[in-house]
Amino acid sequence: MIQKTVSGVIEATEGVKSNMTFMLGGFGLCGIPENSIAALVKKNIKGLTCISNNAGVDDFGLGLLLQQKQIKKMISSYVGENDEFERQMLSGELDVELIPQGTLAERCRAAQGGFPAFYTPAGYGTEVAEGKETREFNGKMYILEQAFKADFAFVKAWKGDEAGNLIFKGTARNFNPCMCGAAKITVAEVEELVPAGSLDPNHVHIPGIFVQRIFQGEKYEKRIEQRTVLKKE
Amino acid sequence: MLDKNGIAKRIAKELQDGYFVNLGIGIPTLVANYIPQGIAVEFQSENGVLGMGPFPFDGEEDADVINAGKQTITTMPGASFFDSATSFNMIRGQHVDLTILGAMEVAENGDIANWKIPGKMVKGMGGAMDLVASAENIIVAMMHTNRSGASKLLKKCSLPLTGVQCVKKVITNMAVLEITEKGFKLLEVAPGVTKEDVQKATEGTLLIEGNVPEMILD
């Protein structure tokens, strides 16, 4: 067994530098790598490019990095939940590339799987297609999108083992599996880290080969953005 | 004239047995409350769940189980979770039968704009561009006019596009309209709304052929 365990978030985030490109898993605040983000906030790094579906909220998730102006550029599909983000974007302090959500997922997976680019119909005829190669297949138009290149991917899983194997839970899975192995170094934080041999190999969602560092997060707040509940009769 | 729930009720009549349906944020989300009796449909949410159920009871919510609007949800028997790339394979690969989404503007050729107001509102497209570029069957759910009373059914969209020539049907608080090669064809009017009212509220080409029936809601 090849050991992927690191002592904690400090060791897991070793080597991050200013001006790097990071991938961060999560949809809204669901399934975000909370502990890794908290560690990045404490580091004196700036000029970051972050690939993440959303940008957190003002005081949680990637919003924390935005507050400190550590992010130079965001590549996301939807950023509606963050006032500071909108302010920095409209004032021009923050460079933002908005791309279709399926394209975002696939550009991660292309990087994971060694595809330089792929064709998708999403965004054809819109400003997303500007400057991109287009091509017709079977009477329909597609645009060429390229795989991402990133230095680190920070992902969050429910359970993991010392070999880096990961199991996700619920919709906290989202972009996390797509980002594993899509950057030079993938850092996985898990709610529960177990010895190798404890996970049934049949249940593993992401094999450890896609993960370089794994640690158990100290604590998880798992903040809910829109608590919608029904009253019991 | 219908309210938002009325629009959702009318759209629910478009659901057919065996449909996999993606509901957008806003009015489309309400459609799940009006599934016709005796048919089975499954709701897909692009953040990675098929077989979405109602909101959880107070105290039973799970931060790890949400919909694309970031609301806590439950799942139905037979539900599944998956990653974002798989989710968009369902959408791009046309495995989802019906997409219902909101819009700021729809043009008479089926163009749709719903993600950006330059210099003002920039929330992003989320999954909307993937959905409209791929789905065979797209219904737009929206109010017929905007807050200042201007028509949202136009000759040509003025806002940045989300997709081109993709919308098939529009259901508003005033009418059901089909996108045809010649423009918006008026199929039904809402209770209390006349053809003339719809004409006045529609900037794009409106085709009225013969008698236009009133929507049946219940």
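Each value in this text was obtained by applying a stated rule to the coordinates, not by laboratory testing. In this text, all values refer to a predicted model and were calculated from it rather than measured experimentally. All Cβ positions, even for glycine, are placed from backbone atoms using ideal geometry, and neighbour counts span all protein chains on display.
Assuming charge only on the beta carbon of Lys and Arg (+1) and of Asp and Glu (-1), the dipole of segment B:158-215 about its Cα centre is about 160 debye to the nearest 20. Among A:F152, A:F137, A:F175, the largest mean-square fluctuation in a Gaussian network model of chain A, built with springs joining Cα atoms closer than 10 Å, belongs to A:F137.
Can you give the calculated 222 nm mean residue ellipticity of chain B, where each DSSP H run of n ≥ 4 adds -39,500 (n - 2.57) and the sum is split over every residue, rounded to the nearest 500 deg cm²/dmol?
On the way: 5 runs with 35 residues, N = 218.
Calculated at 222 nm, the ellipticity per residue is -4000 deg cm²/dmol.
Working note: 222 nm ellipticity from helices only, DSSP H runs with n ≥ 4, each -39,500 (n - 2.57), summed and divided by the residues of chain A, gives -4500 deg cm²/dmol to the nearest 500.
The orientation-averaged shadow of the Cα convex hull for segment A:11-105, equal to a quarter of the hull surface, comes to 5.5 nm². Shielding by partners for peptide B:75-84, expressed as the average number of C-beta atoms from other protein chains within 10 Å of each residue's C-beta, is 5. Going from the fewest other Cβ atoms within 10 Å to the most, the residues B:H144, B:H95 appear in the order B:H95, B:H144. Here A:R87 and A:D200 are evaluated by their C-beta separation; at R0 = 41 Å the FRET efficiency comes out at 0.30. The mean number of partner chain beta-carbon atoms within 10 angstrom of a residue's beta-carbon across peptide A:123-131 is 6.
When both bridge partners sit in chain B, DSSP labels roughly 55% of those beta bridges antiparallel.
Using a/c under 1.5 as the rounded threshold, could you call segment A:156-233 rounded, prolate or oblate? The axes a ≥ b ≥ c are square roots of the C-alpha gyration tensor eigenvalues, and prolate needs a/b larger than b/c, oblate otherwise.
On the way: a/c = 2.14, a/b = 1.79, b/c = 1.19.
Because a/c hits 1.5 or more and a/b exceeds b/c, segment A:156-233 counts as prolate.
Of A:E34, A:E136, A:E97, which has the largest mean-square fluctuation in a 10 Å C-alpha GNM of chain A? Result: A:E136 has the largest fluctuation of those listed. How much net charge surrounds B:I25 when only other residues with a Cβ under 13 Å from its Cβ are counted (Lys, Arg +1; Asp, Glu -1)? Summing Lys and Arg as +1 and Asp and Glu as -1 gives 0. Across every direction, the projection of the convex hull enclosing the Cα atoms of segment B:7-89 has a mean area of 5.7 nm². The spacing between segment B:135-208 and segment A:28-84, judged by their C-alpha centroids, is 38 Å.
Taking 17 Å as the cut-off, the amide N atoms of segment A:18-56 that come nearer than this to a point 7 Å along the Cα-to-beta-carbon line of A:E97 belong to A:19-25, A:47-55. Taking B:S87, B:S45, B:S158 as the candidate residues, the one with maximal mean-square fluctuation in a Gaussian network model of chain B, Cα springs under 10 Å, is B:S158. Mean per-residue shielding of peptide B:108-119 is 1, counting Cβ atoms of other chains within 10 Å of each Cβ. With both residues required to sit in segment B:125-191, DSSP beta bridges show an antiparallel share near 75%. Neighbours of B:D97, meaning other residues whose beta-carbon lies under 11 angstrom from its beta-carbon, give a summed charge of -4 when Lys and Arg score +1 and Asp and Glu score -1. Using 26 Å as the Cα-Cα cut-off, could you pick out the over-long pairs in A:K222/B:K116; B:K70/B:K185; A:K169/B:K13; A:K72/A:K149; A:K42/A:K219? As for pairs spanning more than 26 Å Cα to Cα, those are A:K222/B:K116; B:K70/B:K185; A:K169/B:K13.
If R0 is 30 Å, the Cβ-Cβ spacing of B:E196 and B:S158 corresponds to a FRET efficiency of close to 0.75.
On the basis of the beta-carbon distance and an R0 of 56 Å, B:E181 and A:K231 show a calculated FRET efficiency of 0.70. Sorting the segments A:156-162, A:62-68 by their mean number of nearby beta carbons within 10 angstrom, highest to lowest, gives A:156-162, A:62-68. Partnerless cysteines in the protein assembly as shown, where a partner means another cysteine C-beta under 4.7 angstrom, comprise A:C30, A:C50, A:C180, B:C157, B:C166. Which of A:K156/B:K120; A:K232/B:K9; A:K132/B:K9 have a Cα-Cα distance over 29 Å? Exceeds cut-off: A:K156/B:K120; A:K132/B:K9.
Can you pull the one-decimal nm distance between simple spin-label points at B:Q165 and B:N89, each 7 Å off the Cα toward Cβ? Taking the two extended label points, one gets 3.0 nm. For the protein assembly as shown, the square roots a ≥ b ≥ c of the C-alpha gyration tensor eigenvalues yield an a/c of 1.5 or more together with a/b exceeding b/c, which makes the shape prolate. Restricting attention to the protein assembly as shown, close to 40% of DSSP beta bridges with both partner residues there are antiparallel.
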